[in-house]
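Peer 1: My questions will all concern the structure given below.
Read-outs: derived from the displayed coordinates by stated rules, not from any lab. Please read these numbers as outputs of a predicted model, since none were measured by experiment. With ideal geometry, Cβ positions are generated from the backbone for all residues, glycine too; neighbour counts draw on all protein chains shown.
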Amino acid sequence: MGGAPDLPPDFDVDVHRVAPDADTTAGPHEASMEAVVELCKRRGIIFQSSEIYGGLRGAWDYGPLGAALRDNVRAAWKRSMIQLRDDVVGLESSILMHPRVWEASGHVEGFTDPLVECRSCNTRHRADHLEPDAQGRVTCPNCGSAELTEPKAFNLMFRTYVGPTEDTAAQVWLRPETAQGMFVDFALVQLASRRKVPFGIAQVGKSFRNEITPRNFIFRVRELEQMEMEYFVRPGTDEQWHEYWIAQRWQWYLDLGVRAENLRVRDHAKEELSHYSKATVDFEYRFPFAWNELEGVANRGDFDLRQHSEHSGRDLSYYDQERDERYLPYVIEPALGVDRCALAFLIDAYREEQAPTAKGGVDRRVVLKLHPALAPVKVAILPLSRNEALTPTARRVSDLLKPRYLTQYDDAGAIGRRYRRQDEIGTPYCVTVDFQTVEDDAAVTVRDRDSMAQDRVAIDRLPGYLDERLALSGASVPG
Ligand code: GAP
């Protein structure tokens, strides 16, 4: 099977790059974290895990709409990274791996954060997250004491045991990144999928990190889901491919409606680089609390394949037939979290607007202007009122649309209130069935979430009308 050309195609994408020491102050924000967290809880998008027991820090549950949002984030990523490409294949490797994987990868030795303990209140903190106070002293954020222990390296991997014996021979780790599955399976996947370098392996899956201070809602969690792709290239072409993937990933966010002014790409300073990295950039999003990492795009060199070749004794080099050369491919890795990415999409979409009321006044409307591909519910079916003359037709419209998209049927309460509810969860289209529909024109009113403009559309044309609009926006619509 053929591969992509050895060097990336030309691209013309205007990426906003900033220096490693760029200011992280976020400035005024349209969406506050409190407003987004409150909306997520109220509408059952995201809430605390084990809430009835007081919650578990760093763990969150995604309700019906949140689960659909996550599905859509994953689908949008897989569509762009796998489905629309000839040079990337998918993988689902297991969470539990041979413990020697994590020795080879450097995680047992180096996947640590500096931990300090307050001698006064015994709380624990990440040393590199503590800000000096006005007198320049580093103090405990809980009690203000300056009596902190010296930082010690704390390994973030969760440990567990396979089988009934809890001893070191049975010890395994919950993976802290999905990436190692792609490296360990590199030769198997390359052979089975008959790919030539350059090609990529992509996967979406859970990872676990025992973060010292999980915080900012779903920004830093202990159980996360990652979307990672390892793109294997010939050494010497890696820098061009690194730039190419930075541009591709930039365009992905813009295509999904993220406002360019809230996104930037920051180069890592040399001393910031991970142990495996030759060069890394962070995609940073302007979260309400600060500019902070959304995604990393790293040039991992041949670190991982070399380590696994040495530690496993299995040669993971690649024979390039065209060049009659054998080499260990270099790797470009775009890596992001579903949770963090969902948070950025929610914040970016959150708007508070003035909207006219039916009685001629103005009302405050909260609207999630999510890209239709990300919106949990694509279409809401809203009979004008719960009336037996309207119900059968409204149900028929609902049955017509259900096989195509996730829909919601709602006939409870005033129509204006129902529109607001759909606006808050980001539903792009509301379809209203009224008396004219059943008595006269067999047509419905379709309301657009963003413009609030209304169109009268014949029921038999409705699937085509919606398909066209949703497909134009990149939301996948069954063929
Ligand atoms: N394989 C490379 C890797 O794992 P990373 O920068 O540690 O690199 C990649 O993680 C992405 O995973 C981050 O940019 C972020 O989106 C997400 N991520 C990492 N740790 C996270 C956490 N504790 N909570 C939420 N997302 C996290």
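Peer 1: Take the alpha-carbon positions of the chain, form their convex hull, and give its projected area averaged over all directions (one quarter of the hull surface) in nm². Can you show the working numbers first?
Peer 2: Values: hull surface 113.7 nm².
Spelled out: convex hull of the Cα atoms, projected over all directions, averaged, 28.4 nm².
Peer 1: Under a point spin-label approximation (7 Å from Cα along Cα-to-Cβ), what is the residue 310-residue 417 distance to one decimal in nm?
Peer 2: Calculated label separation equals 6.7 nm.
Peer 1: Here's another thing I want to ask about it. Please turn the phi angles of the range 203-220 into ³J(HN,Hα) values with the Karplus equation 6.51 cos²θ - 1.76 cosθ + 1.60 (θ = phi - 60°), one per residue in order, whole Hz, x for glycine and proline.
Peer 2: 3J(HN,Hα) across the range 203-220, in whole Hz: 8, 10, x, 6, 9, 10, 9, 7, 4, 5, 10, x, 6, 6, 6, 8, 5, 10.
Peer 1: Compute the distance in nm between two label points, each set 7 Å from the Cα along the Cα-to-Cβ direction, one at residue 268 and one at residue 67.
Peer 2: So the two model labels end up 3.6 nm from each other.
Peer 1: Provide the packing ranking of 452-464, 60-72, 395-407, i.e. peptides ordered by the mean count of other C-beta atoms within 10 Å per residue, highest first.
Peer 2: Numbers: 452-464: 13.4, 60-72: 19.5, 395-407: 16.5.
By packing density, highest mean first, the sequence is 60-72, 395-407, 452-464.
Peer 1: Could you give the length gained by full extension between residue 122 and residue 194, i.e. 0.36 nm per residue of separation minus their alpha carbon distance, to one decimal place?
Peer 2: On the way: separation 72, 0.36 × 72 = 25.92 nm, distance 5.57 nm.
Stretched fully, the residue 122-residue 194 segment lengthens by 20.4 nm.
Peer 1: Summing +1 for each Lys or Arg and -1 for each Asp or Glu, what net charge is found among the other residues whose Cβ lies under 9 Å from the Cβ of residue 95?
Peer 2: On the way: positive: 175, 206; negative: none.
For residues surrounding residue 95, the net value is +2.
Peer 1: How would you order 415-426, 358-369 from highest to lowest mean count of nearby Cβ atoms within 10 Å? Present the calculation step by step, with values, prior to reporting the outcome.
Peer 2: Details: 415-426: 19.1, 358-369: 13.5.
Highest to lowest by the protection proxy: 415-426, 358-369.
Peer 1: Considering only C-alpha atoms, what is the centroid distance from the range 93-159 to the range 59-77, in Å?
Peer 2: Spelled out, the Cα-based centre of one part sits 30 Å from the other.
Peer 1: Using 1/(1 + (r/R0)^6) with R0 = 25 angstrom and r between the beta carbons of residue 22 and residue 57, what's the FRET efficiency to the nearest 0.05? Walk me through the numbers on the way to the answer.
Peer 2: Details: r = 30 Å, r/R0 = 1.20.
Result of the calculation: an efficiency of 0.25.
Peer 1: Report, by chain and number, residues whose modeled amide H sits under 5 Å from the one on residue 48, excluding near sequence neighbours (fewer than 5 apart, same chain).
Peer 2: 61
Peer 1: Also, I was wondering about something else. Classify the range 261-352 from the C-alpha gyration tensor, please: rounded if a/c falls under 1.5, else prolate or oblate depending on whether a/b exceeds b/c. Provide the component values of the computation, followed by the final result.
Peer 2: Values: a/c = 2.95, a/b = 2.60, b/c = 1.13.
Prolate, because a/c is 1.5 or more and a/b exceeds b/c.
Peer 1: Let me spell out the model: positive unit charges on the Cβ of Lys and Arg, negative unit charges on the Cβ of Asp and Glu, origin at the Cα centre of the range 377-472. What dipole size does that give, in debye rounded to 20? Numbers along the way, then the final one.
Peer 2: Numbers: 15 positive and 16 negative charges, 71 e Å.
So the dipole magnitude of the range 377-472 works out to roughly 340 debye.
Peer 1: A follow-up question, please. Given a Förster distance of 41 angstrom, what is the FRET efficiency for residue 289 paired with residue 468, based on the Cβ-Cβ distance and rounded to 0.05?
Peer 2: Numbers: r = 39 Å, r/R0 = 0.96.
Using R0 = 41 Å, I get an efficiency of 0.55.
Peer 1: What nm value, rounded to one decimal, do you get for the distance between residue 402 and residue 358 when each label is placed 7 Å out toward the C-beta?
Peer 2: Result for the modelled spin labels: 2.7 nm.
Peer 1: Quick check: residue separation of residue 145 and residue 440 times 0.36 nm, minus the Cα distance between them. What number comes out in nm? Intermediate values should be presented prior to the final figure.
Peer 2: Values: separation 295, 0.36 × 295 = 106.20 nm, distance 7.51 nm.
Difference between extended and current length: 98.7 nm.
Peer 1: Here's a follow-up. In the range 377-472, what % of DSSP beta bridges are antiparallel (nearest 5)?
Peer 2: Values: 9 of 17 bridges.
If I count the DSSP bridges inside the range 377-472, around 55 percent turn out antiparallel.
Peer 1: Still on this structure, please answer the following. Could you pull out which residues in the range 420-442 have an amide N less than 19 Å from a spot 7 Å beyond the Cα of residue 454, following the Cα-Cβ vector?
Peer 2: Inside the label zone: 420-424, 427-442.
Peer 1: How much length, in nm to one decimal, is gained on full extension between residue 159 and residue 326, taken as 0.36 nm per residue of separation minus their Cα-Cα distance? Could the numbers behind the result be given before it?
Peer 2: Working: separation 167, 0.36 × 167 = 60.12 nm, distance 3.73 nm.
Full-extension gain reported as 56.4 nm.
Peer 1: Separate question: Calculate, for residue 251 and residue 83, the FRET efficiency according to 1/(1 + (r/R0)^6) with r their C-beta to C-beta distance and R0 22 Å; round to the nearest 0.05. Present the calculation step by step, with values, prior to reporting the outcome.
Peer 2: On the way: r = 16 Å, r/R0 = 0.72.
After rounding, the FRET efficiency stands at 0.90.
Peer 1: Quick one: divide the alpha-carbon radius of gyration of the range 377-472 by 2.2 N^0.38 Å and tell me what you get.
Peer 2: Details: Rg = 12.0 Å, N = 96, 2.2 N^0.38 = 12.5 Å.
Computed over Cα atoms of the range 377-472, the ratio equals 0.96.
Peer 1: Counting alpha carbon pairs within less than 8 Å and at least 6 residues apart, what relative contact order, in whole percent, applies to the range 377-472?
Peer 2: Details: 150 pairs, mean separation 27.4, N = 96.
Relative contact order here is 29 percent.
Peer 1: Among 181-192, 316-327, how do they line up by average Cβ neighbours within 10 Å per residue, starting with the highest?
Peer 2: On the way: 181-192: 18.2, 316-327: 12.6.
Highest mean packing first, the order is 181-192, 316-327.
Peer 1: Using a simple charge model, +1 on the beta-carbon of Lys and Arg, -1 on the beta-carbon of Asp and Glu, nothing else, what dipole does the chain show about its Cα centre, in debye to the nearest 20? Mind dumping the intermediate values first?
Peer 2: Numbers: 60 positive and 75 negative charges, 282 e Å.
So the dipole magnitude of the chain works out to roughly 1360 debye.
Peer 1: Taking a cut-off of 18 Å between Cα atoms, list the lysines near residue 270, but don't count ones fewer than 8 places away on the same chain.
Peer 2: 278
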